[in-house]
């Protein structure tokens, strides 16, 4: 009984210390209340893989030409260009390719089937908004990265574009290594890029911007296939 109690207490202490360490890592980039749990876990994972905190920008809101805002989950600045990362937390089997407007999610052993907007296309819209922020960003290489967390299987998902990556959040190191194989990007002003990305992050602290974006997303989703993210 005593031994069991000691083991339980030991596990609790270890779990607390790990959580505390992870929160310290997260707070070097973002805050515990920003974004989704899947996004925060990915930020922590990238930090543990050696990505510098100043290279990661989490939960960005970019003003588009029409006055609305586009929200990007994560942007990572690398020597090869920017990674625009869309994080999805889905379950079940997923099917789709880069040209299909909607992908399919199958749950409950095929008894339930849902469609959701192509995340590659969704993220391409985010990248378009990112390019609108400055002339430098308009010409900088930006990689379209879609990562799935949760208990899902990419059963039949295909894409061919060289600057596009689709996979699981747990394989972020593989994606980072693949992108390192590309040639270095020509940044004309790295400070400008950092400033614009920091401004986009700070927009997420403005309740009016966040609520306006949420309302815009809700309006556009009326009549669209069911989606969880």
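How big, in percent, is the set of alpha carbon pairs in the chain lying more than 21 Å apart?
60 percent
Students often check this: by mean Cβ neighbours within 10 Å, which of 177-186, 99-108 ranks highest, and how do the rest follow?
99-108, 177-186
How much length, in nm to one decimal, is gained on full extension between residue 170 and residue 132, taken as 0.36 nm per residue of separation minus their Cα-Cα distance?
Length gained between residue 170 and residue 132: 10.6 nm.
Could you work out how much longer the chain between residue 21 and residue 49 gets when fully extended? Use 0.36 nm per residue separation minus the Cα distance between them, nm to one decimal.
So the extension gain works out to 8.6 nm.
How would you rank 116-129, 5-18, highest first, on the average number of other Cβ atoms within 10 Å across their residues?
Those peptides, ordered most packed to least, come out 116-129, 5-18.
Distance between Cα centroids, segment 110-129 to segment 182-198: provide it in whole Å.
Using only Cα atoms to place each centre, the spacing works out to 27 Å.
What share of the DSSP beta bridges in the chain is antiparallel, in percent to the nearest 5?
50 percent
Given labels modelled 7 Å from the Cα in the Cβ direction, how far is it in nm from residue 182 to residue 121?
So the label points at residue 182 and residue 121 sit 2.3 nm apart.
If I model a spin label as a point 7 Å beyond the Cα along the Cα-Cβ vector, how far apart are those points for residue 151 and residue 5 in nm?
For residue 151 paired with residue 5, the spin-label model returns 3.5 nm.
FYI, it's all coordinate maths here, none of it is from the lab. Predicted model, so just to flag it, every value in this text is computed and none were measured. Methodologically, a virtual Cβ is constructed for each residue, glycine included, from the backbone with ideal geometry; neighbour enumeration extends over all protein chains shown.
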